[in-house]
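Everything below concerns the one structure shown next.
The values are calculated or read from the model by the stated rules, or taken from the named source; none is laboratory data. Keep in mind that this is a model prediction, so the values were computed, not measured. A quick note on method: Cβ atoms are made from the backbone with ideal geometry, for glycine too, and the neighbour counts reach across all protein chains shown. Calculation scope for accessible area: heavy atoms of the full protein, side chains included, ligands and nucleic acids excluded. Shrake-Rupley method; radii C 1.70, N 1.55, O 1.52, S 1.80 Å.
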Amino acid sequence: AITTADPLSGVGYATGAGGSVTQLTSKATAFTLSTPVGKITFAADSLAGDTTVSAAWTNTVLAATDLIVFNHVSGGTVGSYNCNALPAAGSATIYLRNLTAGALSEAAVFTFAVIKGVVT
């Protein structure tokens with residue numbers, strides 16, 4: 001549930017709207033987390049430098065017109081990864097890129113929030 005606009009607490013999701021998931025095996029392993037806000041802990045397998053890996057994300061709250069915002073909060077070298085997603089109805093393909101020249105074997109932790117969108 002979305003909270004109302006409050007000058008002290010802002011706009012966002014209410015307590016209980018979020019969730020978390022830890023990816024198993026590899027950064028390319030599919031995972032499920034059906035919440036509009038939460039935390040994703042990626043697997044700690046090696047990701048080569050200057051390389052992008054993709055994984056299927058089942059999330060039943062998603063629509064193809066949504067915007068997903070990510071923030072790297074812990075677990076690894078903050079600033080060494082880029083994370084984005086291509087949403088679809090009930091799922092997304094999530095892309096994690098190692099921005100460095102060397103391989104990284106870190107369990108990067110990203111928070112996310114879904115902003116509902118429409119195409120006019």
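Things to note:
- Qualifying residue in the stretch 8-18 (condition: under 21 Å from Thr77 (Cβ atoms) and modelled with pLDDT of 95 or more): no
- Matching residues in the stretch 22-42 - criterion: being assigned to a loop (DSSP other than H, G, I, E, B) and touching a residue at least 60 places away in the same chain (Cβ under 8 Å): Lys27, Pro36, Phe42
- Considering Thr60, Thr65, the condition of being under 16 Å from Gly19 (Cα atoms) and not in a strand (DSSP E or B) is satisfied by Thr60 alone.
- Selection from the stretch 75-120 of residues that are on the phi > 0 side of the Ramachandran plot and either out of contact with any strand residue (DSSP E or B) (no Cβ under 8 Å at 6 or more places or on another chain) or in contact (Cβ under 8 Å) with a residue 24 or more places away in the chain (or both): Gly75, Gly76, Gly90
- Complete set of residues in the stretch 75-95 that are polar (S, T, N, Q) and at pLDDT 95 or above: Ser80, Asn82, Asn84, Ser91, Thr93
- Selected residue (criterion: farthest from Gly12 (Cα to Cα)) from residues of the stretch 69-84 that are open to solvent by 30 Å² or more (accessible area, probe 1.4 Å) and among the hydrophobic types (A, V, I, L, M, F, W, C): Val78
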